[in-house]
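J.: Here it is, the structure in full.
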């Protein structure tokens with residue numbers, strides 16, 4: 001019963017405040033706020049509010065050092081829930097751009113806000129368009145923007161790290177930027193694939209050291225994929241251990 005009530009409150013909040021925050025993003029972007037001085041704090045408030053209402057609290061992290069504008073990276077987090085990206089927004093005091101599935105950009109207000117904020121739609125089932133999106137993201141990354149790609153390409157249906165797509169790795173190689181591997185635990189327990197809130201849980205984010213792509217030949221991308229995946233498997237396991245520790249009342253890490 002409580003999960004149904006939580007779900008209803010969550011979608012009521014989304015129906016009202018997604019429109020308001022999306023409007024702020026579009027309007028401030030039109031008036032020249034490229035770097036998110038106004039719209040990104042509004043986005044963080046929205047993300048943190050969604051997490052709090054859904055019961056994805058607290059958001060704790062290990063290894064998160066923030067995003068340095070002097071050293072852009074390609075963020076690669078595990079993907080179990082709609083709440084994954086929001087958890088990273090809650091942690092990061094600087095904006096990053098997301099390469100996301102094209103259908104998200106068709107939601108009224110929300111889709112326009114995504115485009116205004118510089119996020120990049122990708123059509124995965126059309127190879128030419130997908131690579132055009134990857135090239136655009138690589139250009140953005142080379143220009144100094146942090147870019148996020150979910151290497152699995154979709155949410156895990158069972159909470160286990162799924163197979164990786166190669167598009168994000170092509171992006172990192174084209175941009176010549178390090179990959180920042182990230183393991184997330186807890187979001188699947190709160191909001192698994194689907195639209196119903198299932199439970200409350202702390203969300204734990206464990207960030208590994210950047211994995212350099214400079215000097216990696218395009219022909220060696222499979223080896224790069226395997227190296228990143230092995231690191232992310234370990235990070236996800238560490239994040240889950242943190243989640244269980246925090247749920248039992250122990251543990252202390254930075255809260256988002």
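J.: Residue check: is residue 142 over 10 Å from residue 74 (Cα atoms) and crowded, with 18+ Cβ neighbours inside 10 Å? Even if it seems obvious, please write down each step before you answer.
T.: Numbers: over 10 Å from residue 74 (Cα atoms): yes; crowded, with 18+ Cβ neighbours inside 10 Å: no.
Against the criterion (over 10 Å from residue 74 (Cα atoms) and crowded, with 18+ Cβ neighbours inside 10 Å), residue 142 does not qualify.
J.: A follow-up question, please. Is there a residue in region 71-82 that is part of a loop (DSSP other than H, G, I, E, B) and over 17 Å from the mean Cα position of the chain (by Cα)? Show your work before the answer.
T.: Initially, region 71-82 is screened for residues part of a loop (DSSP other than H, G, I, E, B), giving 71-73, 78-82.
Subsequent filtering for residues that are over 17 Å from the mean Cα position of the chain (by Cα) retains 71.
Scanning region 71-82, I find at least one residue that is part of a loop (DSSP other than H, G, I, E, B) and over 17 Å from the mean Cα position of the chain (by Cα), so the answer is yes.
J.: Would you check which residues across region 199-224 are over 20 Å from residue 152 (Cβ atoms) and out of contact with any strand residue (DSSP E or B) (no Cβ under 9 Å at 6 or more places or on another chain) and list them?
T.: 199, 200, 214, 215, 216, 217, 218, 219, 220 - these are the residues of region 199-224 that are over 20 Å from residue 152 (Cβ atoms) and out of contact with any strand residue (DSSP E or B) (no Cβ under 9 Å at 6 or more places or on another chain).
J.: Would you say residue 148 is in contact with a strand residue (DSSP E or B) (Cβ under 6 Å, 6 or more places away or on another chain), under 19 Å from residue 42 (Cα atoms), in contact (Cβ under 8 Å) with a residue 60 or more places away in the chain and crowded, with 20+ Cβ neighbours inside 10 Å?
T.: On the way: in contact with a strand residue (DSSP E or B) (Cβ under 6 Å, 6 or more places away or on another chain): yes; under 19 Å from residue 42 (Cα atoms): no; in contact (Cβ under 8 Å) with a residue 60 or more places away in the chain: yes; crowded, with 20+ Cβ neighbours inside 10 Å: yes.
Answer is no for this residue.
For (1) modelled with pLDDT of 95 or more; (2) within 19 Å of residue 61 (Cα to Cα), each residue gets a yes or a no:
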position: 84; (1), (2): yes, yes
position: 88; (1), (2): yes, yes
position: 97; (1), (2): yes, no
position: 113; (1), (2): yes, no
position: 125; (1), (2): no, no
position: 135; (1), (2): no, no
position: 140; (1), (2): no, no
position: 148; (1), (2): yes, yes
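J.: Return the total of residues in region 10-57 being surrounded by fewer than 18 Cβ atoms within 10 Å (Cβ to Cβ) and not in a helix (DSSP H, G or I).
T.: Number satisfying all stated conditions: 7.
The values are calculated or read from the model by the stated rules, or taken from the named source; none is laboratory data. As the structure is a prediction and not an experimental result, all values here were calculated from the model. All Cβ positions, even for glycine, are placed from backbone atoms using ideal geometry, and neighbour counts span all protein chains on display.
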